[in-house]
Amino acid sequence: MNIKSLKKHFFSELETIQEDSEIESFFFILTEFLHNLKRIDVSLHPDFQVSELDLEKWNTIISELKTEKPIQYLTGEAWFYGLRFEVNENTLIPRPETEELVEWIVESQKSKVESQKLNSQNLIIQKSNNLTILDIGTGSGCIPITLKKEIPYSFVYAIDISEKALETARKNAFDNQVEVNFVHQDILKSSNLHISKSSNLLFDIIVSNPPYVRNLEKQEIKKNVLDYEPHLALFVADSDALLFYRKIAQLALKSLAPKGKLFFEINQYLGNETVVLLEQLGFNNIELRKDFMGNYRMICCSL
Ligand code: GLN
């Protein structure tokens, strides 16, 4: 079968379950994944022949897509900030909203280095060379790995409760050729962030995208997320939706370096509540930001 006919077959199989734009995007993810053909290559070579063996692979994937399994779990990969991350049922699929949070952190460091350059007549102060970053609830490792790539002089640490997620995150750091120190820890059961036994490290940046979806929001969550992504990474009880924010902020009180910053991805419906929580704990310079969808999605504060 040629690729042009395959495209027709692919659309006819999925059109009752997915929007056309979604099917189209799946199709090109798969031409690239299975045949290394980008959209333009498909247009230029409509007669590209798909072997019987490859056709079987396509059909297996089509039947999985019909169950609404996320395509990233079928290809085993997701792209975040231009980097490739292995993902599986133990890790959340990185989201574009989280890319925006990472971008905010990267920008905040660039502007800091710029102002330090000006202050010290173009000499970058030593401090920037010792920047320490901690990501809490790292999942695939998308946040710390991207930060280490973007801010190479930083020392980056990441915590997760799931050993299996950490295994994937370690592999992702290796594949992306960066050094991140991964630590297995249940922060809800921890009274400090002593990630190394020998020292009480202070962090210039603490970041987290913790579980924040309330059970009452489950009806808004699509089947592909609800049925396949790890609930451990997504959901919190309705009665205490800010549990992770409170705990992480309390730990940050002891572990943020002077002038350090705490960044969170947040539940879009709980922006005000999160601000109040951080104020009550003694944080200042609280800034709430919207994501590209116009929802309050991230917050930054300092002590
Ligand atoms: N830090 C990871 C991400 O942003 C995992 C977040 C989570 O599992 N709650 O994708």
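Annotations
- No other residue among 60, 91 is of a type outside the set (Phe, Trp, Tyr), open to solvent by 30 Å² or more (accessible area, probe 1.4 Å) and either farther than 22 Å from residue 145 by Cα or touching a strand residue (DSSP E or B) at 6+ places or on another chain (Cβ under 9 Å) (or both) apart from 60.
- Filter result for residue 201 (of a type in the set (A, V, I, L, M), away from the ligand (no atom under 13 Å from the Cβ) and either outside any loop (DSSP other than H, G, I, E, B) or in contact with a His (Cβ under 9 Å, 6 or more places away or on another chain) (or both)): yes
- Residue check for residue 109: at pLDDT below 95 and open to solvent by 50 Å² or more (accessible area, probe 1.4 Å): no
- The number of residues in the stretch 248-265 that are among the basic types (Lys, Arg) and at pLDDT 95 or above comes to 1.
- The stretch 177-193: number of residues that are away from the ligand (no atom under 15 Å from the Cβ) and open to solvent by less than 90 Å² (accessible area, probe 1.4 Å): 6
- Residue selected from the stretch 138-173 under the condition in contact with an Asp or Glu (Cβ under 6 Å, 6 or more places away or on another chain) and either closer than 22 Å to residue 251 by Cα or assigned to a loop (DSSP other than H, G, I, E, B) (or both), by the criterion farthest from the ligand (Cβ to nearest atom): 166
- Among the candidates 212, 228, residue that is in contact (Cβ under 8 Å) with a residue 24 or more places away in the chain, of a type outside the set (Asp, Glu) and more than 10 Å from the ligand (Cβ to nearest atom): 228
- Restricting the stretch 238-276 to residues that are open to solvent by 20 Å² or more (accessible area, probe 1.4 Å) and over 25 Å from residue 221 (Cα atoms), the residue that is nearest to the ligand (Cβ to nearest atom): 247
- Where residue 62 falls short, out of the listed (1) farther than 21 Å from residue 234 by Cβ; (2) hydrophobic (A, V, I, L, M, F, W, C); (3) assigned to a loop (DSSP other than H, G, I, E, B): (3)
- For first residues located in the stretch 23-52 and touching a residue at least 40 places away in the same chain (Cβ under 8 Å), partners that are among the polar types (S, T, N, Q) and surrounded by 13 or more Cβ atoms within 10 Å (Cβ to Cβ) and lie 6+ apart or on another chain with Cβ distances below 8 Å form the pairs 26/18; 29/75; 30/75; 33/75.
- Members of the stretch 14-25 found to be buried (at least 17 other Cβ atoms within 10 Å of the Cβ) and touching a helix residue (DSSP H, G or I) at 6+ places or on another chain (Cβ under 7 Å), listed by number: 14, 23
- Residues located in the stretch 81-105, provided they are within 10 Å of the ligand (Cβ to nearest atom), free of Cβ contacts under 8 Å to residues at least 60 places away in the same chain and assigned to a loop (DSSP other than H, G, I, E, B): 94, 95
- Residue satisfying condition, being surrounded by fewer than 13 Cβ atoms within 10 Å (Cβ to Cβ) and farther than 26 Å from residue 162 by Cα, within set 295, 285: 285
The values are calculated or read from the model by the stated rules, or taken from the named source; none is laboratory data. These numbers come from a predicted model, not from an experiment. Every residue, glycine among them, receives a Cβ derived from its backbone with ideal geometry; neighbour counts consider all protein chains shown. Each accessible area value is taken on the protein alone, full model and side chains, heavy atoms only, with ligands, DNA and RNA left out. Shrake-Rupley method; radii C 1.70, N 1.55, O 1.52, S 1.80 Å.
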